[in-house]
Amino acid sequence: MKRAYVSPRRQAMAEQTRSDVIAALSEELDGPLIELCERVAARAGVSAATVRKLFPRRESLLAAGLDHIIDAVPPPQPASATTPETAVATIFAYFDALGPDRLWAAYRHGEESEALRHRLRRVEQAVEPIVKGLSRGDRAAGALLGTLLDPLAYRRLRLTGISAATARTPVRKTISAVLDADD
């Protein structure tokens, strides 16, 4: 009976290549999907054939890349976001850590990829406990707060050219007004 050859060094190199490809995807997510494999390969310093061997389907490459991005950033903690000011600061800091441009690219490509839609839902679910805590069970207030504290709403604010700190102010004021109207 023939034994399979196992090389720890070769396995470590293969795992490093896989990690490099996944990390490269997080930087190349913004471009067209048709050229994704070639751009990721160039950034990772491997061949496109290697990328295709590791991730035979573009869907699996996208899923691994977005998982890498999301898993690298701890979700916002509801205990640290009990006021409109701290909630906005905590959630916007989370979006900044994930990368608003990468999130936008994932949303844009989400129509083509069920895997991306599923991962983006993880980002949205990470902020839901904070929204529920602020809205105190009021569904209408929760829906409005969820819209204000959405990654795409944050990106739209940032695209106007304002800083992250400046973007927080109108959202915080609006949330305070919504919460004050409920009392």
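Restricting attention to region 126-142, the residues that are among the hydrophobic types (A, V, I, L, M, F, W, C) and either under 14 Å from Thr174 (Cβ atoms) or at pLDDT below 90 (or both) add up to 4. Among the residues of region 104-117, those identified as in contact (Cβ under 8 Å) with a residue 24 or more places away in the chain and either over 11 Å from the mean Cα position of the chain (by Cα) or open to solvent by 10 Å² or more (accessible area, probe 1.4 Å) (or both) are Trp104, Tyr107, His109, Glu112, Ser113, Glu114, Ala115. Among the residues of region 1-29, those identified as under 16 Å from Phe55 (Cβ atoms), in a helix (DSSP H, G or I) and hydrophobic (A, V, I, L, M, F, W, C) are Ala14, Val21, Ile22, Ala23, Ala24, Leu25. In region 147-164, the qualifying residues are those that are over 14 Å from Tyr107 (Cβ atoms) and of a type in the set (A, V, I, L, M, F, W, C), and the one that is surrounded by the most Cβ atoms within 10 Å (Cβ to Cβ) is Leu149. The numbered conditions (1) at pLDDT 90 or above; (2) open to solvent by less than 60 Å² (accessible area, probe 1.4 Å); (3) within 23 Å of Gly110 (Cα to Cα); (4) touching a helix residue (DSSP H, G or I) at 6+ places or on another chain (Cβ under 8 Å) are all true for Ala63 except (1). The combined condition, being out of contact with any strand residue (DSSP E or B) (no Cβ under 8 Å at 6 or more places or on another chain), closer than 28 Å to Ile175 by Cα and modelled with pLDDT under 90, is fulfilled by Thr82.
The condition (being small (Gly, Ala, Ser), more than 21 Å from Leu29 (Cβ to Cβ) and out of contact with any Pro (no Cβ under 7 Å at 6 or more places or on another chain)) is satisfied by just one residue among Gly133, Gly142, Gly110, Gly99: Gly142.
If you take the residues in region 18-45 that are more than 19 Å from Ile70 (Cβ to Cβ) and open to solvent by 40 Å² or more (accessible area, probe 1.4 Å), which one is modelled with the lowest pLDDT? The extreme case among them is Pro32.
Filter region 158-179 for residues that are part of a helix (DSSP H, G or I) and of a type outside the set (A, V, I, L, M, F, W, C) and give the result.
Answer for region 158-179, where residues must be part of a helix (DSSP H, G or I) and of a type outside the set (A, V, I, L, M, F, W, C): Arg158, Thr166, Arg168, Thr169, Pro170, Arg172, Lys173, Thr174, Ser176.
Can you tell me which residue in region 118-146 is nearest to the chain's Cα centre (by Cα), limited to those that are exposed (fewer than 13 other Cβ atoms within 10 Å of the Cβ) and closer than 17 Å to Ala81 by Cβ? This residue is Gln125. Counting only residues that are among the aliphatic types (A, V, I, L, M) and more than 13 Å from Pro100 (Cα to Cα), region 151-166 holds 2 of them.
The values are calculated or read from the model by the stated rules, or taken from the named source; none is laboratory data. Owing to the predicted nature of the structure, the values given are computational and were not obtained by experimental measurement. We place every Cβ from the backbone using ideal geometry, glycine too, and count neighbours over all the protein chains shown. Note: accessible area is taken over every heavy atom of the protein model, side chains too, but ligands, DNA and RNA are not part of it. Shrake-Rupley method; radii C 1.70, N 1.55, O 1.52, S 1.80 Å.
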